[in-house]
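Worksheet: one structure, shown below.
The values are calculated or read from the model by the stated rules, or taken from the named source; none is laboratory data. Keep in mind that this is a model prediction, so the values were computed, not measured. Neighbour counts run over all protein chains shown; Cβ positions are idealised from the backbone, glycine included.
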Amino acid sequence: MITPSVYAEKFVPYRGTTVVLAYDSERLPEPPKDWDELEAYVAANPGRFAYNSPSTGGAGSGFVRTALYKFLPEESYMSNDPKWAEQYDQGFELLARIHPNLYKSGGKVVYPNKNQGTLDLLINKEVDLIPAWADQTLTNIASGTLPATTKMYQLEDYALGGTDVVLAVPSIGVGADAAYDFINYVISPEGQKKCLELMFAIPVIDVASIDSDAAVMIEGLDLSSFEVFSVGSLGDEINKRWDSDIATLN
């Protein structure tokens with residue numbers, strides 16, 4: 001439990017989300033486990049993998065950024081220093097290599113628009129594996145839009161990126177004790193169960209302490225393993241270079 005004296009100037013994470021690889025386990029019983037296997041899978045299964053253009057949604061952006069930053073040191077993950085943009089070549093070479101074997105329509109590679117565009121391809125069985133937000137995937141499974149055979153996971157060597165959402169009590173607010181009581185409830189097993197079942201949020205406490213059938217859907221998703229990128233204006237530079245170097249390959 002938290003107390004004002006300890007946490008008065010801190011944020012308290014209450015739910016997490018991350019970009020995962022979502023797939024239909026009926027059509028793809030053994031998905032690739034790491035980046036090398038993913039690249040080999042795309043080459044061996046033309047048209048069955050897709051990601052949305054990075055400027056239109058966080059799932060595609062998470063995939064592209066991880067493809068670039070997997071070749072860079074960890075210090076670059078939280079830096080907006082322009083020097084890192086000079087070291088993106090290996091990542092863009094990877095993206096260029098997989099390009100010819102991505103999802104096609106009318107004989108040309110298509111990068112779907114927005115996160116939902118890629119999910120629609122999985123829903124319609126036009127592809128078998130995509131990067132997607134975990135909560136968006138779970139929402140589609142719960143509504144029956146995606147089949148119950150849909151599963152999600154993260155690559156073992158470089159996860160696709162995650163984040164958490166936080167609560168805080170402003171120092172100028174009133175009723176701080178009640179606010180802290182609310183935060184304590186939200187991060188309790190009961191509160192985390194509601195976050196999981198109603199918002200499809202990844203819990204910030206041990207999933208084993210949450211009594212919910214929904215817990216099975218997030219097996220293997222651990223907040224401590226999420227890669228977090230905060231690169232400031234370099235994100236815009238990544239999108240611009242992707243538009244010029246990758247989107248034009250058709």
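Summary table below
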read-out: Cβ pairs under 9 Å, 6+ apart, first in the range 35-48 and farther than 20 Å from Lys125 by Cβ, second of a type in the set (Lys, Arg) and part of a helix (DSSP H, G or I); value: Glu39/Arg97; Ala43/Arg97
read-out: The range 7-41 - residue that is in a loop (DSSP other than H, G, I, E, B) and acidic (Asp, Glu) and, of those, farthest from Leu138 (Cα to Cα); value: Glu9
read-out: Members of the range 42-56 that are surrounded by 20 or more Cβ atoms within 10 Å (Cβ to Cβ) and assigned to a helix (DSSP H, G or I); value: Val42, Pro54
read-out: Any hit, the range 6-26, residues being modelled with pLDDT under 95, surrounded by 20 or more Cβ atoms within 10 Å (Cβ to Cβ) and among the basic types (Lys, Arg); value: yes
read-out: The range 180-226 - residue that is hydrophobic (A, V, I, L, M, F, W, C) and in contact with a Gly (Cβ under 7 Å, 6 or more places away or on another chain) and, of those, surrounded by the most Cβ atoms within 10 Å (Cβ to Cβ); value: Ile202
read-out: Odd one out for Ile187 among (1) modelled with pLDDT under 90; (2) under 30 Å from Glu74 (Cα atoms); value: (1)
read-out: Helices (runs of 4 or more DSSP H) lying entirely in the range 142-250 (those with 3 or more residues that are under 30 Å from Asp81 (Cβ atoms)); value: 234-245
read-out: Whichever residue in the range 108-137 is in a helix (DSSP H, G or I) and under 28 Å from Ser233 (Cβ atoms) and, among such residues, is nearest to the chain's Cα centre (by Cα); value: Ala134
read-out: Residue in the range 91-107 that is among the small types (Gly, Ala, Ser) and assigned to a helix (DSSP H, G or I) present; value: yes
read-out: Candidate set from the range 202-250 (those that are of a type in the set (S, T, N, Q) and at pLDDT 80 or above); member that is nearest to Tyr185 (Cα to Cα); value: Ser209
read-out: Residue among Asn140, Asn124, Asn115, Asn101 that alone is free of Cβ contacts under 8 Å to residues at least 40 places away in the same chain and touching a helix residue (DSSP H, G or I) at 6+ places or on another chain (Cβ under 7 Å); value: Asn140
